[in-house]
Each structure stands twice: as structure tokens, then as C-alpha cells.
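Read through the structure below, which is laid out as C-alpha cells, and then see the notes.
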Amino acid sequence: MTWTRLDDRWSELPVFEEMSFEDRWHYLAMIQRCSRAEAYDGVIRAVDARRCSDHPDPAGAIARLVEAHLIEIVAGGKYRVIHIDDHTPPPSVRKKTEADRFRQRRKRAHDNDDHHLCKPDADCRVTPTVTRDKTRDVRTGQDRPGRSEVPTIMPTTEWPVVPIHRGNVCDVCLMPLSADCVLMICETDDEAHEEARMRTAS
């Protein structure tokens, strides 16, 4: 999408003084047709030149615009808006617009996991080297999963020994109690333990 530039006093140009509102409207529609189609050379097909507005007599309007030297007939049955450079974005803006458009295309492709438009040195374009294990399982015909390290299994005789508490435990949190503990509640200071102590006291 592009846009049309108009000078603030464009509608007051002397060339429009003897021109009807409908003809001026059709001329503006031709300019905008070139902008919309990015026809920066101002060339427009005859069929598009006639259909670009709702003018009741587009052929007559085009003839009058040619007579006013606003458009000209070119080869191939086409017309050219002579002053199109006054109305389309300058080349610097067009280049920036095209660059922005390409960045948007690249971002959409990247977000969809398509990286063919990404920069060659982008992280997403770097393909990691994969080393395959060429040894195959003859029974399944599938590659064995490659492993860089073989896990070490500790024998059960070396497992740490956890002593089993055979004494009393707290009624609230099941933590082991010392042998000289009077209540079956540990000394943890929280609401659950305090309620248990109060019940025991009552």
C-alpha cells in the first residue's frame, strides 16, 4: 500500500479553473490509481483509466485531461499522468517502505518456523552438526540412540543408609520425638501445634 501526496493549494491550480468538478475528481482518481498500483511512472491502462472513478462520461473526461496537458497518450493504448512525481512518495520513502515490507515478510516467515528469508548469520539459520550412530539393531532395523555418556549405576551396597526411627513421633507433623518428651507433640511453634497442645492440656 502507498499513499498520494497533494499540495495544500492543489485544488486551486489554475488548470482547474475551467474544469468541471467531475473531471477534477476523475483526474484525482487516476493519480490515486497509480499510487495504489505503485505505478510510479504514471502509466495506467486505458481500461483502468476509464474505470477509476464513477464519472458519467470517463472517455470525455480523459479527452479533456489530455487537452489540459495533465495526462498524455502513450504506446499500447495507455495513458500517463504527467505530474505523477508530485503525488507519489519520493524514492527514499519508497525504498524504506519496501525494506519495511520485506522485514515484515521475514518476521512472519520466521514466526512460522520458515527461515529461508532470515539473514545467513542468524542463529536460526545455523544447522547443528548431528553425528549419527551407524551401528544398527539388526532385529528392528533402526538406529540405536546415540549417547555421549554412559550413565553410571551405583550398586545397592553403596546406597546411603537411612536409620529408621523406632521411637515416638509428633501427632501433628510426624517428626521424631526425643525419649524424654512428655507430650506427643514436638516443639514446633505454629498454629496447628499450638491447637494440639491446648487440646492435650484440656
Cα→Cβ-extended label distance, 7 Å offset, between F16 and H116, nm: 4.8
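Given R₀ = 45 Å, FRET efficiency for L183-K107 by Cβ-Cβ distance, to 0.05? Intermediate values should be presented prior to the final figure.
Numbers: r = 68 Å, r/R0 = 1.51.
E between L183 and K107, to the nearest 0.05, is 0.10.
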Any idea how far apart I164 and W25 come out in nm if each label point goes 7 Å out from Cα toward Cβ? 9.9
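Would you please give the FRET efficiency between C124 and D41, computed as 1/(1 + (r/R0)^6) with r the Cβ-Cβ distance and R0 = 41 Å, to the nearest 0.05? Before the final figure, lay out each step's value.
On the way: r = 38 Å, r/R0 = 0.94.
For C124 and D41, the calculated efficiency is 0.60.
For a footprinting-style exposure proxy, rank L6, L28, L70 by other Cβ within 10 Å, fewest first.
Numbers: L6 12, L28 17, L70 21.
With the sparsest Cβ surroundings first, the list reads L6, L28, L70.
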Label model pair A63, A75: point-to-point distance (7 angstrom along the Cα→beta-carbon line) in nm is 2.7
Footprinting proxy, M175, M30, M19, M198: sorted fewest to most Cβ within 10 Å, the residues are M198, M175, M19, M30
Along each of its three principal axes, how wide is the spread of alpha-carbon positions in the stretch 12-64, in whole angstrom units, largest first? 29, 23, 15
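Stretch E194-M175 to full length: gain in nm at 0.36 nm per residue minus the Cα-Cα span?
Values: separation 19, 0.36 × 19 = 6.84 nm, distance 1.54 nm.
Contour length minus the Cα-Cα distance gives 5.3 nm.
FYI, it's all coordinate maths here, none of it is from the lab. These figures come from a predicted structure and were not determined experimentally. Using ideal geometry, Cβ is built from the backbone for each residue, glycine included, and neighbour counts are taken over all protein chains shown.
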